[in-house]
1. If eta is 1.567 mPa s and T is 4 °C, what Stokes-Einstein diffusion coefficient results for the protein assembly as shown, Kirkwood Rh from Cα pairs, in µm²/s?
2. Of B:Lys44/D:Lys56; D:Lys56/F:Lys20; B:Lys22/E:Lys22; C:Lys22/G:Lys15; E:Lys56/G:Lys44, which ones are farther than 29 Å apart at the Cα?
3. Taking all protein chains in place and a 1.4 Å probe, what share, in percent, of the accessible surface of chain E do carbon and sulfur account for?
4. Please compute the Kirkwood hydrodynamic radius over the stretch A:32-72, one decimal place, Å, based on all pairs of different Cα atoms.
5. With only Lys, Arg, Asp and Glu charged, each at its Cβ (+1 for the first two, -1 for the last two), find how big the charge dipole of chain G is about the Cα centre; round to the nearest 20 debye.
6. So with the 1.4 Å probe, I'd like the accessible area per residue for chain A, rounded to whole Å².
7. Residue by residue through the stretch A:53-63, which ³J(HN,Hα) values in whole Hz follow from phi under the Karplus form 6.51 cos²θ - 1.76 cosθ + 1.60 (θ = phi - 60°), with glycine and proline marked x?
8. Rg to Rh for the stretch G:5-71: what is it, with Cα atoms only and Rh by Kirkwood?
Amino acid sequence: MAQRPLDILNESLNKPVLVKLKDGRAFRGELQGYDIHMNLVIDKTEEIAEGAVARKVGVVIVRGDNVVYISP
Amino acid sequence: MAQRPLDILNESLNKPVLVKLKDGRAFRGELQGYDIHMNLVIDKTEEIAEGAVARKVGVVIVRGDNVVYISP
Amino acid sequence: MAQRPLDILNESLNKPVLVKLKDGRAFRGELQGYDIHMNLVIDKTEEIAEGAVARKVGVVIVRGDNVVYISP
Amino acid sequence: MAQRPLDILNESLNKPVLVKLKDGRAFRGELQGYDIHMNLVIDKTEEIAEGAVARKVGVVIVRGDNVVYISP
Amino acid sequence: MAQRPLDILNESLNKPVLVKLKDGRAFRGELQGYDIHMNLVIDKTEEIAEGAVARKVGVVIVRGDNVVYISP
Amino acid sequence: MAQRPLDILNESLNKPVLVKLKDGRAFRGELQGYDIHMNLVIDKTEEIAEGAVARKVGVVIVRGDNVVYISP
Amino acid sequence: MAQRPLDILNESLNKPVLVKLKDGRAFRGELQGYDIHMNLVIDKTEEIAEGAVARKVGVVIVRGDNVVYISP
């Protein structure tokens, strides 16, 4: 059964996601919101570097054009 | 017989695909969804590096503007 | 409860935000305005470098396509 | 007699094309489809490196924004 | 009281602004005009390098996609 | 008398043009077609390197976003 | 009195302009035409390098997304 990318984002609301950005940053947190540009709201966000939590950043609004992929 | 790119993506649903990204990453997995921007949902995803499976990443939502090509 | 990215920006009006840009700059200040492109108006802006205030820049209008993320 | 770029692509359907990409890759194969973004479907695709066939990749869907030029 | 980015630009007309560009250039001058793309007209423009006036360039029309930020 | 860019392209149809691309390539040939994105069809194309003909490539369809300038 | 960027371009028709491009090129010539993308037609064009005329290129159609700024 096929599902569109935004459907999967919708199903991921309030659940943990990993977000990889074009500049090499990775965020792990709870997906709190999104829109059609893949702008994202992530809550309880941790910035990940080399597999470990580098720092906690709380809520972040990521501009969608930075996103490489989102892993629910 | 000619086929538009999105037709081929549609035929590839639930089948294995290889996806090459602009940052050099390659994903292999099962195409679970797509949209007109070539945003992709890939399931059972493996990240490939130098011809071998580097790690398993489950489901990924790839933002379409990262895609170089998709090979069904 | 899910919230769209622009809702969160709206709730952040007149409150402190941290804005990370693609060129490595970071601004800290009070969000005074925004639009659908994530163009931002920041007041009482401080440019941050290596965790410290590098200089004060007052009001800045940031063109949205420079934004990586905004942390309210 | 003038011809628009998409007319030429249409005439090239099911014929051999060479496609040069921004990342330096070159594909040679049979044009199976295209759309207005210059997303392409290429069949019997060979990746070319330094004038020789580097490897065979079968069908590829190229996202149009990677294309530098197409030579029918 | 919130203000949209273009409102602030409108209030800045005929007043001094500092404009930082993606290529590292900075212009200081009087904002003479703008449009929704943040294309700008700056009059009595000085190009700034390392905090000092590098050269005077009179009127410049800056294409908006070069802008990082504008400081009124 | 002013002329819009696409008017000049139209007048250049079936005439020699030089096309400079963002990746440093230059093509010389006969403009056979264009569209509003500045996608171009060039016939009898020669790729130019360091002022000399590097190789002949026949017909090329150039995706417009690669173009720096066209000299009729 | 405020003036929009395209108004200034319109006033500059058939007059000398300096055009700086993102790749470092600079063109000096007579503005013969433009459109809303800031695609430009420049006549009697000289390419400038290090303050001196590097070569004469006659008419050029510059694709607007290459433009940093235009100085009338």
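The values are calculated or read from the model by the stated rules, or taken from the named source; none is laboratory data. This one's a predicted model, so the numbers in the text were calculated from it and none came from an experiment. All Cβ positions, even for glycine, are placed from backbone atoms using ideal geometry, and neighbour counts span all protein chains on display. Areas reflect the complete protein model, heavy atoms only, side chains present, ligands, DNA and RNA absent. Shrake-Rupley method; radii C 1.70, N 1.55, O 1.52, S 1.80 Å.
1. Working: Rh = 24.8 Å.
Diffusion coefficient, whole number: 52 µm²/s.
2. Values: B:Lys44/D:Lys56 24 Å; D:Lys56/F:Lys20 31 Å; B:Lys22/E:Lys22 22 Å; C:Lys22/G:Lys15 37 Å; E:Lys56/G:Lys44 24 Å.
Long pairs (Cα-Cα over 29 Å): D:Lys56/F:Lys20; C:Lys22/G:Lys15.
3. Values: 1610 of 3170 Å².
Roughly 51 percent of what the probe reaches on chain E is carbon or sulfur.
4. Values: mean 1/r = 0.0910 Å⁻¹.
11.0 Å is the Kirkwood radius here.
5. On the way: 10 positive and 10 negative charges, 26 e Å.
That gives chain G a dipole magnitude of about 120 debye.
6. On the way: 3160 Å² over 72 residues.
Result: 44 Å² of accessible area for each residue.
7. Values per residue, Gly and Pro as x: 6, 7, 6, 9, 10, x, 8, 10, 9, 9, 6 Hz.
8. Working: Rg = 10.8 Å, Rh = 11.6 Å.
Dividing the radius of gyration by the Kirkwood radius yields 0.93.
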